[in-house]
Amino acid sequence: MAHGRGWWAKRVVVGLALAVAAAGAWAVVNRADLEARYSVRQLTRATTDEDRARWAARLVALGDAGRPALVAALTTGDPAVRAAAAAAVETQLTEPPEGDVPAAGLADAILNHFPDCDADGQEAVVGLLAGLMKRAGPAAAGKCRTVAEAGLKHPAPAARVAAVRAAMNPLMKLRAEVVPLLAAAEPEVRRAALFAVGPATDDEPVIGDEDLFRWLHDPDEGVRRVCQDALASRGRTDADIRLGRRLTHPDPAERLDLLLDLRADDDIADPEPWLERLARDTDPGVRAGAARVAAEVAAERRQSPPPWLNRLADADPEPTVRRVAAFYRGAAVARPDAAVRQVGSP
């Protein structure tokens, strides 16, 4: 009987040893996953920024094992945890050498998870877009474009600014989508948008010089400075910029004063393009004045009146403007050509 008890005891001991060995082997094989779970728990329980940063960096160091938890911390959850995860991800995206495989894998995982992000998670990902584009490479241009498009419409100003910067990348082809942000309420967004679409580039412009003039009157000094620099990069002279500022002045009286200067200033070699723009002014008085000045300048220079004078005379929505334009058009037609001499004249 004692022998039987001893045999069973040996079996129990052997079984326990095998169980412990199996558990140990499992722990060795799954050590990285266990460390990732532990790191996540510590990250979410941390009470200081320093501790959160340490545990987020630990998830990065775990590579593939820590990646799902790191992406989840970045795209959902507590703002403090997200901030720590974002800082750790940015370090991983920017510091390793080009071609680093873990960095590329992390970038791809974040881009793949973006459609499932909440609004705050989207803001965090958009803020990392420059690094994501660098690591993911041209093959992920479509995914990066999706992130940038969402960022351009995001309510957070920081997300829109980051998206505008990404949109400047030639692979994104999003410069036209930036133009609506020129009307953003936040000056930092307007500055970023104007810097993206204003200066001269090798690509076709997405906004014309004339349309840019209005930002010379922006209430933000930084926006006005970016606008002036952008116009200069397009070959506009200081004189052009001064005229453009007056052309788009919000006070109609200032635009009427510009008409008088275009009439009298001999330093303006060709006032007709400026007059043509004033002939499309929102104020009827400015349009009528443009018709008169254009006819008078043409007469002085012994030129035919510009074709747009016919448009004002025949189709302007304001009857007074049509009458004024028709009068000066008729006067120009009736005026004898001073270059033609009558027979018998000296």
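Per-structure values
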{"quantity": "Rounded to 10°, Cα long-axis angle of helix 2-29 versus longest principal axis of the chain", "calculated": "20"}
{"quantity": "Cα-based Lys pair tally, the chain, threshold under 19 Å, eight or more apart or on separate chains", "calculated": "5"}
{"quantity": "Fraction of the pair-distance distribution of segment 74-132 above 20 Å, Cα-Cα pairs, percent", "calculated": "18"}
{"quantity": "Percent RCO, i.e. relative contact order, over segment 74-187, from Cα pairs under 8 Å lying at least 6 residues apart", "calculated": "22"}
{"quantity": "Cα pair distances of the chain binned at 10 Å [whole percent]", "calculated": "5, 17, 18, 15, 12, 10, 9, 6, 3, 2, 2, 1, 1, 0, 0, 0"}
{"quantity": "Relative contact order of the chain, defined on C-alpha pairs under 8 angstrom at six or more residues apart (%)", "calculated": "7"}
{"quantity": "Computed over segment 160-234, Cα set: Rg, Dmax in Å", "calculated": "11.2, 33"}
{"quantity": "Net charge of Cβ neighbours under 11 Å - reference GLY66; Lys, Arg +1; Asp, Glu -1", "calculated": "0"}
{"quantity": "Calculated P(r) tail over 17 Å for segment 81-176, as whole % of Cα pairs", "calculated": "44"}
{"quantity": "Within-15-Å neighbourhood charge of VAL101 [Cβ basis; K, R +1; D, E -1]", "calculated": "-2"}
{"quantity": "P(r), alpha carbons of segment 128-187 - 5 Å bins starting at zero, rounded %", "calculated": "4, 21, 35, 22, 12, 5, 2"}
{"quantity": "Percent accessible area from carbon and sulfur atoms, the chain, protein chains only, probe 1.4 Å", "calculated": "56"}
{"quantity": "Helix 221-233 axis, angle to the chain major axis (alpha carbon atoms, nearest 10°)", "calculated": "70"}
{"quantity": "Relative frequency of Cα-Cα separations exceeding 22 Å in segment 187-346, percent", "calculated": "51"}
{"quantity": "Cα centroid separation - segment 55-74 against segment 81-136, whole Å", "calculated": "11"}
{"quantity": "Segment 152-278 - accessible surface per residue (Å², probe 1.4 Å)", "calculated": "52"}
{"quantity": "Folded to 0 to 90 degrees: helix 284-300 orientation relative to the chain principal axis, Cα", "calculated": "50"}
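The values are calculated or read from the model by the stated rules, or taken from the named source; none is laboratory data. Every value quoted in this text rests on a predicted model; they were computed, and no experiment measured them. Backbone-built Cβ (ideal geometry, glycine too); neighbour counts: all protein chains shown. Quick note on the areas: whole protein, heavy atoms, side chains included, nothing else; ligands and nucleic acids left out. Shrake-Rupley method; radii C 1.70, N 1.55, O 1.52, S 1.80 Å.
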